[in-house]
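Notes follow once the structure below has been shown.
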Amino acid sequence: MMNTREHLIYMAGQIFRNFASRGEEAAVSATAEHLVLYWDPHMKAQALDILDDPEIDLPEPVRAVFGKLRVAA
Amino acid sequence: MTFTREKDFGTPAASGEAVSLTIDGQELTVPAGTSIMRAAAMVETDIPKLCATDSLESFGSCRLCLVEIEGRNGYPASCTTPVAPGMVVRTETDKLRKLRRGVMELYISDHPLDCLTCSANGDCELQDQAGAVGLRDVRFGYEGENHLEGCKDESNPYFTFDPAKCIVCSRCVRACDETQGTLALTVDGRGFASKIAASQDEDFLSSECVSCGACVQACPTSALIENTVIEKGTPDRAVVTTCAYCGVGCTFRAEMRGEELVRMVPWKDGKANHGHSCVKGRFAWGYARHNDRIVNPMVRGSVDEPWREVSWEEAIGHVAREFRRIQNAYGTRSIGGITSSRCTNEETFLVQKLVRQGFGNNNVDTCARVCHSPTGYGLKTTFGTSAGTQDFDSVQHADVILVIGANPTDGHPVFASHMKRRLRQGAKLIVIDPRRIDLVRSPHIEASHHLPLRPGTNVAMLTAMAHVIVTEGLVDEAYVHERCDRDAYAEWAEFVSDPSRSPEAIEELTGVPAQEVRAAARLYATGGNAAIYYGLGVTEHSQGSSTVMAIANLAMATGNVGKEGAGVNPLRGQNNVQGACDMGSFPHELSGYRHISDAETRALFEKDWGATLDPEPGLRIPNMLDAATDGTFKGIFIQGEDILQSDPNTRHVAAGLAAMECVVVQDLFLNETANYAHVFLPGSTFLEKDGTFTNAERRIQLVRKVMEPLNGYADWEVVQLVANAMGLGWGYTHPSQIMDEIARLTPTFAGVNYDALEQRGSVQWPMNEAAPDGTPMMHIDHFVRGKGMFVVTDYVPTDERTGPRFPLLLTTGRILSQYNVGAQTRRTANVDWHAEDRLEIHPHDAENRGVRDGDWVSLRSRAGETTLRAKITDRVAPGVVYTTFHHPDTQANVITTDFSDWATNCPEYKVTAVQVTPSNGPSDWQKSYRELAEASRRIETAEPAE
């Protein structure tokens, strides 16, 4: 079973994969927009914490999405 | 309402040109095709009848309804003779009276003369008609050969068949054929030996009979009669209300004797069911007065303590104090609530209001999270509104019906009967389902195409069908050009046209021959009006939302939205899933599907409620559980949901609940979730309250109180008690006031109120200034969002994969006789049909594992393990196993994983990699859970007063 951080990373990656046919840049934007619309503030805050955690080897698309989320925040 | 029978016009209504005639000197005009019997009934002339009833086609066997027609010889049966222009009919003459008495004499000479002790005394058409024809004696005597020694069939738990009282009018047989479409009954034998038989002359319980009750309702004597009438006597009043089982939303007459419910009889004027019912709504209401009902509030300090009964005041005060304490300690967003799709619109609206106004956050969710949340996302994205497009009656205009991921004969049986009627008339059927559901082949019905795809490949399959439609030039170009976003269409068409998305390219993936896919796609696109009906086999996948959008794409591409007989139609699981979603139960939306971030919408609510609303979306149910295990979510109010049994990955749900400091459960029974609760607030049944439910066709219908709540309060009153204990100052005195609030805050409900519902019987939203009569069909001239939006739906395989450890795919579903987690139906005689969850396994897979039919097997996934008995069947393909989730002893959701739909987090119940092995006992989880459940249900016995 995934812990919450792993779950958030997994979910963001899964959303990205479903937008991926739009091309990487558009998919990153669409995923970030999705998180803005559907994730609660604590989940978003955790996403930004994950982004800042050097111990976490974040998949590149998810890093881009969380980066975009930081800009939106 | 006092007790009166619904008027029976004898034969169904017709709809031809106007025809004028004279009956007994009275001139009247009726539609061509109307029978003389019906025309007479329309002017209050009731011609005696026995074999005729207006829910069935005329039959002309009883010879009681004879009439005289000027210029015609003989005495034709009025039920089978249609009206004609200028026809002059006489219904009462000396000759007719003599003929009818003679016929009735024959019937009565072979009928028990026990009227005074008969269960149907006073509610028997035979008795009434004997009186109507003036029968005074029976010249033939009663000593001749007769059928009075026939043995009663009491096998069915809900009704009894007494052949001694049967007049072989065939109404039951025809009801089974025409109304239900099961064709389980027949007339066995010839002449005097004729008798009603179930299947191959079996008892009713063992036969193919599905206990819908249509035969009982049709019977004009007490040959088929409800056991409750035998036990309790005939009813003395009736109240029309709405069923609380599935999303079809059947309306019933709750027929009462004092405060006691005698029977539920489907209401002929019900717009969703047209007088039909299933075994659940018709008979399985005994749970309402079951001994397991908890009627007093209970509190306990921790979940290992026994429950302590307390006053309402103490319980409500405790809830309010605990929730405020938690918020003070952990923050505003540390608590939340779950609304119930089994409760009324008014109740769900109040729970989300309690969360938003009282808790000050948006941590509210509903069971639609685990069923139709992808429908909300998918249809809103493509069409602009989160609901199905048609009314149920639309299916009668369909030429092609595509059923995907739904099993209507089990899950939505009354609608299935309407669908089967259309199929018997010649509509073509395509079934896309891993399992061979009954619709694939049943009496008088055979699907043109069954595409038994591998679980998890819906998107690939639908995209392949789109590939065929686009590349073979079957797109309705004019429709797409006028009604849809052209750029989006062009992008989608290019995407689906790629050879990698052809049926041939995905054949290995789906396991379905490409030729069959091509043929099904061609039929859907070219067969006339084409309607899609879908269920949880679409939504409960990691690509549930994509599948809904892929369905919408197909419908738009073929011009099948906005007209009769077509559309995209989600079959909703629970009675008020649609309503719960409409009412703002999702954490990101206010009522009417408006995002919480929209300042203008928020301002509307803030002004009305006098509170500032949180502009950020709240937590979904799985996220609440994650947050609970993280220690940031500490309290929850759960109304009428059993998330421990119904939600995926039971261990995760249990861990989340166990981590909270205040779990409040409001329910009829101490459900599985209550094992982890600190406060239990007793709930009320649908028979004990007023309100409204909204069914799968957006139809809002009244729920009327027929008896007082055992616990003293309707559920909306309990929510109000909690709200007021938290200082919200609500003052509703009737649910109609809540609906008025919903209407003033929700544009699609602006015209809805209880007066309109009383007058019209039901309305379909949107109902407002633009649609003053409601909206049976949506998107007629344009889509709600403007132009229909094609969405590219790339196939992204689930991460749940089979392998050496877990080589089989488990998919789950429901069965006709049980409902959801079984809390209601397990407490009725429906367990006679389904006493336990069984694992369906293909003979090949069973053979490989040494499993025989009925053996106990261990079902194991990476999430958990349970044990249940095997049922060997080729309904499932090799490599696929299937079970239901109705019984807590099995807890099928111990097996399901936390994979979910990418857009909505709707769990992927339909795809779990598993292994099946022979077993000889319950799993460790089952053993420990059984102990926990037993301990958790202890109720402290109060000390007797001195």
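The values are calculated or read from the model by the stated rules, or taken from the named source; none is laboratory data. Everything numeric here is computed off the predicted structure, so don't read it as measured data. Every residue, glycine among them, receives a Cβ derived from its backbone with ideal geometry; neighbour counts consider all protein chains shown. Ligands, DNA and RNA are excluded from the accessible area calculation, which covers all protein heavy atoms including side chains. Shrake-Rupley method; radii C 1.70, N 1.55, O 1.52, S 1.80 Å.
Whole number please: convex hull volume per residue, Cα atoms of region B:460-511, in Å³.
65 Å³
Over all Cα pairs of region B:23-121, how is the pair count split among 5 Å bins, expressed in % and running from 0 up to the last occupied bin?
2, 12, 23, 22, 18, 11, 6, 4, 2, 0
Report, please, the projected area of region B:800-859 averaged over directions, based on the convex hull of its C-alpha atoms, in nm².
Computed as one quarter of the Cα hull surface, the answer is 5.4 nm².
Considering only C-alpha atoms, what is the centroid distance from region B:1-63 to region B:489-522, in Å?
Using only Cα atoms, the two centres lie 52 Å from each other.
Using only C-alpha atoms and all pairs of different ones, pull out the Kirkwood radius for chain B in Å with one decimal.
Roughly 29.5 Å, rounded to one decimal.
Near B:Val370, within a Cβ-to-Cβ distance under 9 Å, what is the net charge of the other residues, with Lys and Arg +1 and Asp and Glu -1?
Within the 9 Å Cβ shell, the charges total -1.
Might you report the magnitude of the Cβ-based charge dipole of region A:4-72 about its Cα centre, with Lys and Arg at +1 and Asp and Glu at -1, to the nearest 20 debye? Don't skip to the end; give the middle numbers.
On the way: 7 positive and 11 negative charges, 56 e Å.
Roughly 260 debye for region A:4-72.
Put B:Arg424, B:Arg325, B:Arg486 in order of accessible area, largest first, 1.4 Å probe: what do you get?
Largest to smallest exposure gives the sequence B:Arg486, B:Arg325, B:Arg424.
As an exercise, take the mean of 1/r over every pair of distinct alpha carbons in region B:808-935, invert it, and state the Kirkwood radius in angstroms.
Kirkwood hydrodynamic radius for region B:808-935: 15.0 Å.
Given a 1.4 angstrom probe, what's the average accessible area per residue across chain B, in square angstrom?
Result: 35 Å² per residue.
Just order B:47-58, B:255-266 by mean Cβ neighbour count inside 10 Å, highest at the front, would you?
The packing order, highest mean first, is B:47-58, B:255-266.
Which of the aspartates and glutamates could a cross-linker span from B:Lys787 if the Cα-Cα distance has to be under 12 Å and same-chain partners fewer than 8 positions apart are dropped?
Correct list for B:Lys787: B:Glu482, B:Asp485, B:Asp487.
Over region B:450-489, what number does the Rg to Rh ratio reach, with both radii from the alpha-carbon atoms and Rh per Kirkwood?
A ratio of 1.10.
Would you mind checking the radius of gyration and Dmax of region B:875-946 based on alpha-carbon positions, in Å?
According to the Cα coordinates of region B:875-946, Rg and Dmax are 18.5, 68 Å.
Among B:Thr45, B:Thr80, B:Ser35, which residue has its Cα furthest toward the positive end of the charge dipole of region B:18-92, with +1 on Lys/Arg Cβ and -1 on Asp/Glu Cβ?
Result: B:Thr80.
Taking 1 over the mean of 1/r across every pair of different Cα atoms in the protein assembly as shown, what Kirkwood radius in Å do you get?
Details: mean 1/r = 0.0331 Å⁻¹.
One decimal place: 30.2 Å for the Kirkwood radius.
So what are the ³J(HN,Hα) numbers for region B:537-542, from phi and the Karplus equation (6.51, -1.76, 1.60; θ = phi - 60°), rounded to whole Hz, Gly and Pro as x?
x, 9, 7, 8, 9, 5
Compute the accessible area of each residue in region A:1-15 twice, once for its chain alone and once with every protein chain present, using a 1.4 Å probe on heavy atoms, and list those whose area falls by at least 50 Å².
For region A:1-15, once contacts with the other chains are taken into account, A:Met1, A:Thr4, A:His7, A:Tyr10, A:Gln14 lose 50 Å² or more.
When the accessible area of chain B is computed with all protein chains present and a 1.4 Å probe, what percentage of it is carbon and sulfur?
Numbers: 15920 of 32940 Å².
Carbon and sulfur together cover 48 percent of it.
Rounded to the nearest 20 Debye, what is the dipole magnitude of region B:159-289 about its Cα centre when Lys and Arg each give +1 and Asp and Glu each give -1 at the C-beta?
That gives a dipole near 380 debye.
Within straight cross-link reach of B:Lys705, meaning Cα distance under 22 Å, which lysines are found once same-chain residues fewer than 8 apart are removed?
Leaving aside lysines fewer than 8 places away in the same chain, those within reach of B:Lys705 are B:Lys232, B:Lys268, B:Lys271, B:Lys280, B:Lys689.
For region B:390-561, take every pair of Cα atoms, bin their distances at 5 Å starting from 0, and report each bin as a whole percent.
Bins of 5 Å from zero give 1, 9, 18, 22, 22, 15, 8, 3, 0, 0 percent of pairs.
Any idea what log10 I(q)/I(0) is at q = 0.20, 0.23 Å⁻¹ for region B:335-446, Debye with uniform C-alpha scatterers and no solvent?
-1.11, -1.27
Rounded to a whole number of µm²/s, how large is the Stokes-Einstein D of region A:4-72 at 20 °C and 1.002 mPa s, given Rh as the Kirkwood radius over C-alpha pairs?
The estimated diffusion coefficient comes to 184 µm²/s.
Which whole-number percentage describes the relative contact order of region B:301-369, with Cα contacts under 8 Å and a sequence gap of 6 or more?
28 percent
Run the reach check for A:Lys68 against lysines, Cα to Cα strictly under 20 Å, same-chain hits fewer than 8 apart removed. What comes back?
Within the straight-line limit of under 20 Å, A:Lys68 reaches these lysines: A:Lys44.
With label points built 7 Å along Cα→Cβ from the Cα atoms of B:Gln26 and B:Ala935, find their separation and express it in nm.
Reported label-point gap for B:Gln26 and B:Ala935 is 7.4 nm.
Over chain B, what relative contact order in percent results from Cα pairs under 8 Å that are six or more residues apart?
13 percent
Within the accessible area of region A:4-72, what % is carbon and sulfur when the probe is 1.4 Å and the other protein chains stay in place?
About 53 percent, which is the carbon plus sulfur part of the accessible surface.
At q = 0.12, 0.27 Å⁻¹, what base-10 log of I(q)/I(0) does the Debye formula yield for region B:514-569 when every alpha carbon is treated as an equal point scatterer in vacuo?
The calculated log intensity ratios at q = 0.12, 0.27 Å⁻¹ are -0.29, -1.10.
Residues with amide H under 5 Å of B:Gly337's amide H, sequence separation 5 or more or different chain, H placed in the peptide plane at 1.01 Å from N; which?
B:Val364, B:Asp365, B:Phe637
Run the numbers for B:Cys115 and B:Glu504: contour at 0.36 nm per residue of separation, minus the present Cα-Cα distance, in nm.
133.2 nm
For q = 0.15, 0.22, 0.25 Å⁻¹, what log10 I(q)/I(0) does region B:169-234 give under the Debye formula with an equal point scatterer on each alpha carbon and no solvent?
-0.46, -0.94, -1.13
If you take every DSSP beta bridge whose two residues both sit in region B:587-739, what share of them, in percent to the nearest 5, is antiparallel?
Once the DSSP bridges in region B:587-739 are tallied, antiparallel ones form about 40 percent.
If the only charges are +1 at each Lys and Arg Cβ and -1 at each Asp and Glu Cβ, what is the size of the charge dipole of region B:63-162 around the Cα centre, to the nearest 20 debye?
Roughly 700 debye, rounded to the nearest 20.
Can you tell which of B:Ala835, B:Gln915, B:Ala723 lies farthest toward the positive end of the dipole of the protein assembly as shown, using +1 and -1 charges on the Cβ of basic and acidic side chains (Lys, Arg; Asp, Glu)?
B:Ala835
Given the rule -39500 (n - 2.57) for each run of at least 4 DSSP H residues, summed and divided by the residues of chain B, what is its mean residue ellipticity at 222 nm, to the nearest 500 deg cm²/dmol?
Helices in chain B give a 222 nm mean residue ellipticity of -8000 deg cm²/dmol.
Which value results when the Cα radius of gyration for region B:414-504 is divided by 2.2 N^0.38 Å?
Details: Rg = 16.3 Å, N = 91, 2.2 N^0.38 = 12.2 Å.
Here the Cα radius of gyration is 1.33 times the empirical estimate.
Pop out a list of residues from region B:361-383 that are at least 10 Å² less accessible with all the protein chains around than in their chain alone; 1.4 Å probe, no ligands or nucleic acids counted.
B:Tyr377
So what J values fall out for region B:179-187 if you push phi through Karplus, 6.51 cos²θ - 1.76 cosθ + 1.60 with θ = phi - 60°, rounded to Hz, Gly and Pro as x?
Taking θ as phi minus 60°, the curve returns 7, 8, x, 9, 6, 8, 9, 8, 9 Hz for region B:179-187.
Just for the Cα atoms in region B:650-709, what are the lengths along the principal axes, largest first, rounded to whole Å?
39, 30, 15
At what distance in angstrom do the alpha carbon centres of region B:214-279 and region B:748-773 lie from each other?
One Cα centre to the other: 26 Å.
Nearest 100 Å², what total accessible surface is buried between chain A and chain B (probe 1.4 Å)?
Result for this pair: about 2400 Å² buried.
Can you give me the C-alpha center-to-center distance between region B:401-479 and region A:36-73, rounded to a whole angstrom?
Spelled out, the Cα-based centre of one part sits 41 Å from the other.
If r is the Cβ-Cβ distance from B:Thr917 to A:Met1 and R0 is 25 Å, what FRET efficiency results, to the nearest 0.05?
Working from the Cβ atoms, E equals 0.65.
Mind pulling up the Rg/Rh value for region B:159-289? Radius of gyration and Kirkwood radius, both on Cα.
Ratio value, two decimals: 0.97.
Would you mind calculating the gained length between B:Thr93 and B:Arg785 on full extension (0.36 nm times residue separation, minus the Cα-Cα distance), in nm to one decimal?
Gain in length upon complete extension: 242.7 nm.
Using amide H atoms built 1.01 Å from N in the peptide plane, name the residues 5+ places from B:Thr811, or on other chains, whose amide H lies under 5 Å from its own.
Here B:Val881, B:Tyr882, B:Thr883 satisfy the definition.
Under the √(5λ) rule applied to the eigenvalues of the Cα gyration tensor, what semi-axes describe the equivalent ellipsoid of region B:524-604? Give them in Å, descending.
29, 15, 13
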